[in-house]
Amino acid sequence: MTLKMKRKLALLFVIIVLILIGIFGWLIYIIRVSGEQYTRKVLSQQDTNSILLPYKRGDIYDRNGTLLATSEKVYNLILDPAVLWENHSDDPKKDCVEPTLQALTTYFDLERSELDKDMEERKNSHYVVKLQKLTKDQVKEFEEAMKEPGSRIEGVWLEEAYIRRYPYDNLACNVIGYTVSGNVGQYGIEQEYSEVLNGEDGRSYNYLNEDLEQEKTVRAAVDGDNIMSTIDVTLQGIVEKAIADFQAKYANAVREGDGSYTTAAIMMDPNNGEVLAMASNRNYNLNCPYDVVANGLFTEEEAENLGEEERLDALNELWRNFCISDTYEPGSTAKPITVAAALETGAVHDGDTFLCDGRQNIAGRDVWCSNKYGHKVITLEGSLMFSCNDALMQIASKLGEENFSKYQNMFNFGLRTNIDLPGEARTDSLIYYTKENAPSENLVMRVTDLATNSFGQNYNVTMIQMASAFSACINGGYYYKPHVVKKIMDSSGGTVQNVSPILLRTPISSKTSGLIRKYLYNTMYGPEDGNGNHATGRAARIAGYAMGGKTGTAEMIPRDKTNYLVSFIGFAPAEHPEVVLYVVVDRPNAEKQSTSSFAQEIWKNIMKEALPYLNIYPTEEIPSDMQEEVAAEQASQEETEEPEEEEEDPVQEGSLVDPQTGETVQLPDPETIDPEDDSVLGDTPVNDNLVDVEPPNATEEVEDENPTE
């Protein structure tokens, strides 16, 4: 062999070695980078009976560990005709087909004819779903039969699956949300935290090893994390019951339908932004969110003729969370924000006085006060106590457009709160600019904007915005980001993440906040002043408690003195607030909508039950004008707790038994009644300082000055 030939062979050898090294290196690279992917492909190709092992979606709890949403294990009955035919024998003692089909008809509601059809038409199939979502009790006897010695049940298995369950049905539906197929969250926490709640499916593989023997490998499922919400089931129930009672009480009063178009409430801890309860009269069953009949939208007859688009429109409106997704003009509940901003900038001071003559002329137009005859001379505190629009316009004028806009944004009006729930509405109508840097003249705050915005008209908010801003006003001046999740836990209960309160800013000082608390306390408990003005929040008082709050009555567009949104926002205790409650009633079902007493009624009913539950107890003497109310409540409670059995007296002719009191009432003789005498009606007129005479160019809200209890 020549030297030249040896060199060629050596070169060829080197090339082959280099190629082999390259291939070997490439294989190592593939194993390291994509080994997992190719392992799955190989296993799937060798798979003779691959079974999905589903993960369990994480649970949702209330703040005390009460289960609000969970995933319940169910079973799908799977028939494998191919395996059954492999185990078919003409010998009845060895055959598996007949015993298996008999067992299926015995333990489950299956027709033998359907099973025979599957066996004939789908002979080569390994996966025929016969039944779905079976409970453990429904499959227990069948599983025991499969495990019995000598059992010839083959070609059937129970595939595990999960379905979402909500133990409390409707409770906190707007906060929790629901899921659809594939563990996809819809609305609420279910949607916002869907990735946290979801896990990773596992799989069981049967494959042939190198000795051609069948072996199994299991890739275990990874369950999703659990979520502890800030919601309190007890408080949520109290809020929802109060709303439902109101809707029923005023149903069909002056128009057909519930007590209002919408009634909603938010309860928060003002010291950390945690939402304790959030509800409206728009609620639905989380276990059947698409059922328009079960959720009270339509009757069965109406549902039969319902178009798909109409059905979805109705459902979308039902699923909508009013507390974060709907906007409205807040009315006088926004006045504490204006006063706080003016105090903080030094535009006004505690003790300043203002003359209210019932109106302010703004750019040639009269803007009227809630008391159109004027509150006369009142203090800064009185501007909130008596809900004086005139004084608020004067205060805002001292504050100025630029500072007003600045502080509105510091209290997060015009911005989203970014609460951890989907669907929060935009309210950017308060993003104003100075004349120098405004991109458009329409974005410059005008003097009329300043005047009407000062008392909560001509701009929109959401309930969560208002509740969060108000909390910052009374908690010492700290604006916290509102949130509904308190903690994230793994499937074993270990803490993955504590959701700490997020302090976004401090719009006002603790001194200013203290003054606002004092003013709002007197808005509920303050005495009548020398001009005969009464505190507007008296109807919400609860005997023995020191609280503070503010009424709101916003006249709705087109400002025709017809439709109103009324509200009340308050806190307790007065000095060191632990809870804030905001109630909104959109167009009460009443002849006269323009009274915040509707909202105060709901607020009072909620707080009566919530405060003792929160370990907030009475500390004050009962006001003299509330002693009769307290005595009546105590008497009613004693009567309920200790009913006395009494013999029924015979009913005399011309008398009736009152079904409410059980008393026998003697009816008056019709011949003795003067038809011209109004006094027999016995109604006491309501003294609310509202004037029926419409002043010229009246455009602003009518605040209920003296609501009756």
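The values are calculated or read from the model by the stated rules, or taken from the named source; none is laboratory data. Keep in mind it's a predicted model, so treat the numbers as computed, not measured. Here the Cβ positions follow ideal geometry from the backbone for every residue, glycine too, while neighbour counts run over all protein chains shown. Quick note on the areas: whole protein, heavy atoms, side chains included, nothing else; ligands and nucleic acids left out. Shrake-Rupley method; radii C 1.70, N 1.55, O 1.52, S 1.80 Å.
On the given criteria, is Ala264 of a type outside the set (Phe, Trp, Tyr), modelled with pLDDT of 95 or more and open to solvent by 20 Å² or more (accessible area, probe 1.4 Å)? Before you say what the answer is, go through the steps one by one.
Values: of a type outside the set (Phe, Trp, Tyr): yes; modelled with pLDDT of 95 or more: yes; open to solvent by 20 Å² or more (accessible area, probe 1.4 Å): no.
When the stated conditions are applied, Ala264 does not pass them.
Filter the range 38-76 down to the residues that are basic (Lys, Arg) and modelled with pLDDT under 60 and list them by number.
Arg40, Lys41 - these are the residues of the range 38-76 that are basic (Lys, Arg) and modelled with pLDDT under 60.
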Let me confirm something: among Glu591, Glu629, Glu638, Glu633, which residue is closer than 23 Å to Asn522 by Cβ and surrounded by fewer than 16 Cβ atoms within 10 Å (Cβ to Cβ)?
Glu629
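One line per residue, one yes/no per condition, for (1) within 21 Å of Ala69 (Cβ to Cβ); (2) touching a helix residue (DSSP H, G or I) at 6+ places or on another chain (Cβ under 6 Å):
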{"position": "Thr263", "(1), (2)": "no, yes"}
{"position": "Val275", "(1), (2)": "yes, no"}
{"position": "Ala279", "(1), (2)": "yes, yes"}
{"position": "Leu286", "(1), (2)": "yes, yes"}
{"position": "Glu301", "(1), (2)": "no, no"}
{"position": "Glu310", "(1), (2)": "no, no"}
Does Tyr55 fit the bill of being in contact with a strand residue (DSSP E or B) (Cβ under 7 Å, 6 or more places away or on another chain), open to solvent by 30 Å² or more (accessible area, probe 1.4 Å) and touching a residue at least 24 places away in the same chain (Cβ under 8 Å)?
no
Within the range 205-218, can one find any residue that is open to solvent by 30 Å² or more (accessible area, probe 1.4 Å), modelled with pLDDT of 95 or more and not in a strand (DSSP E or B)?
no
Please go through the range 389-419 and pick out each residue that is part of a loop (DSSP other than H, G, I, E, B) and either closer than 19 Å to Tyr328 by Cβ or open to solvent by 20 Å² or more (accessible area, probe 1.4 Å) (or both).
Phe411, Asn412, Phe413, Gly414, Leu415, Arg416, Thr417, Asn418, Ile419
I'm trying to understand the selection: among the residues of the range 593-643, which are under 30 Å from Ser370 (Cα atoms), among the charged types (D, E, K, R) and in contact (Cβ under 8 Å) with a residue 60 or more places away in the chain?
Glu601, Lys604, Lys608, Glu629
Members of the range 350-378 found to be more than 11 Å from Asn533 (Cα to Cα) and under 39 Å from the mean Cα position of the chain (by Cα), listed by number
Asp350, Val367, Trp368, Cys369, Ser370, Lys372
Mind checking whether some residue in the range 235-242 is outside any helix (DSSP H, G or I), open to solvent by less than 60 Å² (accessible area, probe 1.4 Å), touching a residue at least 24 places away in the same chain (Cβ under 8 Å) and in contact with a strand residue (DSSP E or B) (Cβ under 9 Å, 6 or more places away or on another chain)?
no
Residue by residue through the range 61-87, note down the ones that are charged (D, E, K, R) and more than 18 Å from the chain's Cα centre (by Cα).
Glu72, Lys73, Asp80, Glu86
Answer with yes or no whether Tyr166 is closer than 26 Å to Glu72 by Cβ, of a type outside the set (Asp, Glu), buried (at least 17 other Cβ atoms within 10 Å of the Cβ) and touching a helix residue (DSSP H, G or I) at 6+ places or on another chain (Cβ under 6 Å).
no
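Could you list all residues from the range 372-388 that are farther than 16 Å from Lys335 by Cα and either charged (D, E, K, R) or open to solvent by less than 50 Å² (accessible area, probe 1.4 Å) (or both)?
Filtering the range 372-388 for residues farther than 16 Å from Lys335 by Cα gives 372-377.
Within the range 372-388, Lys372, Gly374, His375, Lys376 qualify.
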I need the full set of residues from the range 180-204 which are open to solvent by 30 Å² or more (accessible area, probe 1.4 Å) and either without any contact (Cβ under 8 Å) to a residue 24 or more places away in the chain or among the β-branched types (Val, Ile, Thr) (or both), in order please.
Val180, Ser181, Gly182, Val184, Glu195, Val196
Check on Thr230, within 23 Å of the chain's Cα centre (by Cα), closer than 30 Å to Pro501 by Cβ and open to solvent by 40 Å² or more (accessible area, probe 1.4 Å):
no
Checklist (1) surrounded by fewer than 20 Cβ atoms within 10 Å (Cβ to Cβ); (2) closer than 20 Å to Glu192 by Cβ; (3) in contact with a Ser or Thr (Cβ under 6 Å, 6 or more places away or on another chain) applied to Arg320, failing item
(3)
Does Tyr290 meet the test of being in contact with a Lys or Arg (Cβ under 9 Å, 6 or more places away or on another chain) and not acidic (Asp, Glu)?
yes
Anything in the range 543-561 that is open to solvent by 10 Å² or more (accessible area, probe 1.4 Å) and in contact (Cβ under 8 Å) with a residue 24 or more places away in the chain? List them, or say none.
Ala543, Tyr545, Ala546, Met556, Arg559, Lys561
Could you say whether any residue in the range 336-345 is in contact (Cβ under 8 Å) with a residue 12 or more places away in the chain, aliphatic (A, V, I, L, M) and within 24 Å of Ile602 (Cα to Cα)?
yes
If you take the residues in the range 510-532 that are buried (at least 22 other Cβ atoms within 10 Å of the Cβ) and among the β-branched types (Val, Ile, Thr), which one is nearest to Gly346 (Cα to Cα)?
Ile516
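Looking only at the range 277-310, which residues are of a type in the set (Val, Ile, Thr) and buried (at least 16 other Cβ atoms within 10 Å of the Cβ)?
Val292
In the range 106-124, how many are exposed (fewer than 15 other Cβ atoms within 10 Å of the Cβ) and at pLDDT 90 or above?
Total satisfying the criteria: 9.
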